[in-house]
Amino acid sequence: MTDAATDAGAAAGADIADLPLESARAEAVRLTELILGARDAYYGRDAEIVDDATYDAWMHQLEAIERLHPELQGQDSPTLSVGAASGTLFAPVEHAERMLSLDNVFSDAEFLSWAAKVERDAGRRVHYLCELKIDGLALSLRYENGRLVSAATRGDGRVGEDVTDNVRQLRGIPQRLLGNGHPALVEVRGEVFFNVADFVSLNAYQETMGDRLFANPRNAASGSLRQKTEGKNQRQLDAMHQRLSRLRMTVHGIGAWPDPPVSTQSGIYELLASWGLPTSAYYTVADSPDAADAFIQHYGGHRHDVEHEIDGIVVKVDELALHDELGATSRAPRWAIAYKYPPEQVNTKLLDIVVSVGRTGRATPFAVMEPARVAGSVVRQATLHNQDVVKAKGVLIGDTVVLRKAGDVIPEVLGPVVELRDGTERAFVMPADCPECGSRLAPAKAGDIDLRCPNARSCPAQVRGRVDHIGSRGALDIEGLGEVSAAALTQPVRPETPPLVTEAGLFDLRAEDLFAIDVVVRDAETGLPRLLEDGSADTRSPFRRQRKKSDPAFQSDGPFDGDAGHILSVAATQLLVNLEAAKSKELWRFLVALNVRHVGPVAARALAQWFGSIDAIRAASRDELAAVEGVGGIIADSLTDWFDVDWHRDIVDRWAAAGAQLATPGHPGPGGASVEGGVLEGLTVVATGSLEGYSREGAQQAILDAGGKAASSVSKKTDFVAAGPGAGSKLAKAEELGVRIIDAAQFHLLVTRGPDALDAAATSGTEG
DNA sequence: CACCCTCGAGTTCA
DNA sequence: CTCGAGGGTG
């Protein structure tokens, strides 16, 4: 790129960054039309209708938009084809038959209405050929008398680039067709793409060579195919061949064949396969729109089970006779549609990097972004872990960043789009003080990257986090005690001194305490306090509500009448009831609730089982603690250290005084109860997905009750994996390791009667 | 010294 | 649910 071109691109980027997605889309369409029109004139009529500078400006504008919104870059984008660089590198080739693009739908409803229209136009039910829409580069191959004579990119659909020399090096593409049933002229359309693994290794290679990374497999395929061999040194040439050999082709179209010996699209695929052309293994013929929709939904959930990237599903009417009947619009055939999945990687603005403090005091920077739709949900935040990660990712506040969902769930910032910087970005500086309480942040021990707020006792963020944690499923599992209540109880606007200064007072909470609480109302969008007309913050109570005449619980002389006829809300009464019930939960839950470092549900269970009471654990020495299986020196130290702190012991004492049961009834004391001789003794079981008849917790408890070990991840030590609907990576891991997989019914048998009963049931022949 | 496992954190969904 | 960090165990 020349300097002038760089400037043009950067300037365009600055404007475009402010465009909302819909306007950007419209602008991209407009530019594409202009560019294709200019190209048509140039190649088709040998005439220039615009000067080079204008043409270049359009291209740079379009490139800038596509960098900002990669999802707008269609496969037929002019930036991916002829003229993108200089227009003279590859010879133009005219396709025998125009390569049309497909119309898109973005939802099941849109797809079903397309199918309904097709069936209405056809006047009958039709079959649908469903296939994966591979994220690659479309290619047209021309075979004359069975020999490959040319290969061309799509280009603008009518004229493409001649990439025959490069294509001849691809292993997956035959130079000659097998057999002799093919016509004299065959033009097949296919997709050249990288498998995900090959794409990753290609980028790793590019990185070691100091070359530019490819944004996605399609760009990589395009880049590899459009490499020019002249002027390259031998080493680069070898590397290129190595990469090219990893390209594969799958055929999903055929044109220029007036009289095929088969009557369906799927028949054509079989024919192509018999000629030695590589076709995709992933297609099916559906006999109804609903069946086709089921295929779409299936792969929507299993996009990553396929070795290559897919950005959607292509559905075609299978009956060839109907293709002519239905015809085509100027851009796309009416007998086929592309269902586009939501993009998994998008660009968005990094508005700020903010630091949050968790229940352990760890200060974690996270990215605050312009809300963006990724993989089907709207994301506005993503963790950045610590200041080293921020630095390693190289993001600046104000950058346009690439956002994705790791494992399809957890939002992750991949990095900045450096080309779109305009100089106003600024670097993130890790604050020296806790953003919530102002204490000086410091590493817990020398050499730690993580900074922590040392003010464990009264830092609002930490107290709030701990109270929230107490209510969580892995601890006392108190319904109604979550993030929101925890905040209301520890830092309301009224009263000034919150009911809970630390978690010590949790079981002393009374109805009056809850009734008095007011919190600031925050805007759901911005997170800022909502203001009243006089400029003061709007407040409301989470635990009061207006009394209605119709209330069955209406009492004219209730205890809380003073306040304009308000009564305790349902949430408040439930919280009080649940707190009361929590007082008699199992000992290990209290141990987890105490927030001792390194003591989670597993260590807590081991300790509770051995010692039988909090007092016994408090009294135990470091070595006595470390003698418990699953507890080592570190956890033992962590426990004794914890009990050395006055206000920690105060928590235990006040909970006990409030009636919390901090001992297992009937436990004989240290060294005592251990469950032995259960039917699952010595066996490790992992439960995943939803198992009919069991809750997530219930399944774990059933395994433990039977004397087994309930592990949270699958390893080769795992004996059984009980998998129900919705099972994810654990099931895959079990298959990979050859661990025995059982369903809910078998799981029930296993925990009640043991593994032998399972085998007996299996051999008695329930199959068939 | 290898594993293998648990902990802890952040996030979104039903 | 997944990742990194770091503890426990053979």
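The values are calculated or read from the model by the stated rules, or taken from the named source; none is laboratory data. Since we're looking at a predicted model, the values are computed, not measured. Cβ atoms come from the backbone with ideal geometry, glycine included; neighbour counts cover every protein chain shown.
Restricting A:Thr364, A:Thr360 to those that are part of a loop (DSSP other than H, G, I, E, B) and within 16 Å of DNA strand C (Cβ to nearest atom) reduces the list to A:Thr360. Tell me yes or no: at least one residue of region A:76-90 is at pLDDT below 80 and more than 28 Å from A:Val418 (Cβ to Cβ). There is at least one residue in region A:76-90 that is at pLDDT below 80 and more than 28 Å from A:Val418 (Cβ to Cβ).
Looking across region A:679-736 at every residue that is polar (S, T, N, Q) and either in contact with a His (Cβ under 7 Å, 6 or more places away or on another chain) or within 13 Å of DNA strand C (Cβ to nearest atom) (or both), the one that is nearest to A:Thr752 (Cα to Cα) is identified as A:Gln700. Test A:Pro371 against the criterion of being surrounded by 15 or more Cβ atoms within 10 Å (Cβ to Cβ), at negative phi and within 15 Å of DNA strand B (Cβ to nearest atom), and give yes or no. For A:Pro371, the condition - surrounded by 15 or more Cβ atoms within 10 Å (Cβ to Cβ), at negative phi and within 15 Å of DNA strand B (Cβ to nearest atom) - is not met. Among the residues of region A:695-729, those that are surrounded by fewer than 20 Cβ atoms within 10 Å (Cβ to Cβ) and either at pLDDT 80 or above or more than 20 Å from A:Arg605 (Cα to Cα) (or both) comprise A:Ser715, A:Lys716, A:Lys717, A:Asp719, A:Gly724, A:Pro725, A:Gly726, A:Ala727, A:Gly728, A:Ser729. Here region A:446-470 is the region considered, the condition is being away from DNA strand B (no atom under 15 Å from the Cβ) and of a type outside the set (A, V, I, L, M, F, W, C), and the residue that is modelled with the lowest pLDDT is A:Gly447. Answer yes if at least one residue in region A:642-651 is within 16 Å of DNA strand C (Cβ to nearest atom) and more than 30 Å from A:Phe543 (Cα to Cα), and no otherwise. Looking for residues that are within 16 Å of DNA strand C (Cβ to nearest atom) and more than 30 Å from A:Phe543 (Cα to Cα), one finds at least one in region A:642-651, hence yes. Scanning region A:401-423 for residues that are at pLDDT 75 or above and assigned to a loop (DSSP other than H, G, I, E, B) gives A:Val417, A:Arg421, A:Asp422, A:Gly423.
Regarding A:Asp352, is this residue of a type in the set (Asp, Glu), away from DNA strand C (no atom under 16 Å from the Cβ), free of Cβ contacts under 8 Å to residues at least 60 places away in the same chain and part of a helix (DSSP H, G or I)? No.
Looking at the structure I just gave you, is A:Pro411 touching a residue at least 24 places away in the same chain (Cβ under 8 Å), of a type outside the set (Lys, Arg), under 30 Å from A:Gly600 (Cβ atoms) and within 16 Å of DNA strand C (Cβ to nearest atom)?
Yes, satisfied.
Within region A:579-594, the set of residues being under 34 Å from the mean Cα position of the chain (by Cα) and more than 16 Å from DNA strand C (Cβ to nearest atom) comprises A:Trp588, A:Arg589, A:Phe590, A:Ala593, A:Leu594. Could you list, in sequence order, the residues of region A:422-449 that are in contact (Cβ under 8 Å) with a residue 24 or more places away in the chain and acidic (Asp, Glu)? Scanning region A:422-449 gives A:Asp422, A:Glu425, A:Glu436. Is it fair to say A:Ala47 is of a type in the set (Gly, Ala, Ser), on the phi < 0 side of the Ramachandran plot, modelled with pLDDT under 80 and surrounded by 15 or more Cβ atoms within 10 Å (Cβ to Cβ)? Considered against the rule, which asks whether it is of a type in the set (Gly, Ala, Ser), on the phi < 0 side of the Ramachandran plot, modelled with pLDDT under 80 and surrounded by 15 or more Cβ atoms within 10 Å (Cβ to Cβ), A:Ala47 comes out as no.
Taking the criterion of being of a type in the set (Val, Ile, Thr) and more than 16 Å from DNA strand B (Cβ to nearest atom), the only residue of region A:385-401 that qualifies is A:Thr400. Looking only at residues of region A:619-639 that are away from DNA strand C (no atom under 13 Å from the Cβ) and either within 36 Å of the chain's Cα centre (by Cα) or in contact (Cβ under 8 Å) with a residue 24 or more places away in the chain (or both), we find that the one that is farthest from A:Trp655 (Cα to Cα) is A:Glu624.
Checking A:Arg605, A:Arg597, A:Arg589 one by one, the residue that is in contact with a helix residue (DSSP H, G or I) (Cβ under 6 Å, 6 or more places away or on another chain) and in a helix (DSSP H, G or I) is A:Arg605 and no other. Taken as a whole, the condition of being farther than 30 Å from A:Glu325 by Cβ and out of contact with any helix residue (DSSP H, G or I) (no Cβ under 9 Å at 6 or more places or on another chain) does not apply to A:Ala96. Taken over region A:385-400, the criterion of being within 12 Å of DNA strand C (Cβ to nearest atom) and either modelled with pLDDT of 85 or more or of a type in the set (Val, Ile, Thr) (or both) is satisfied by A:Val389 alone. Meeting the requirement of 1 or more residues that are modelled with pLDDT under 85, among the hydrophobic types (A, V, I, L, M, F, W, C) and surrounded by fewer than 18 Cβ atoms within 10 Å (Cβ to Cβ), the strands (runs of 3 or more DSSP E) wholly within region A:121-208 are A:185-193. Out of (1) modelled with pLDDT under 80; (2) of a type in the set (Asp, Glu); (3) in contact with a helix residue (DSSP H, G or I) (Cβ under 9 Å, 6 or more places away or on another chain), what's the single condition that is false for A:Glu230? Condition (3) is where A:Glu230 drops out. Of the residues examined, A:Ala616 is one that is away from DNA strand C (no atom under 16 Å from the Cβ) and surrounded by 17 or more Cβ atoms within 10 Å (Cβ to Cβ).
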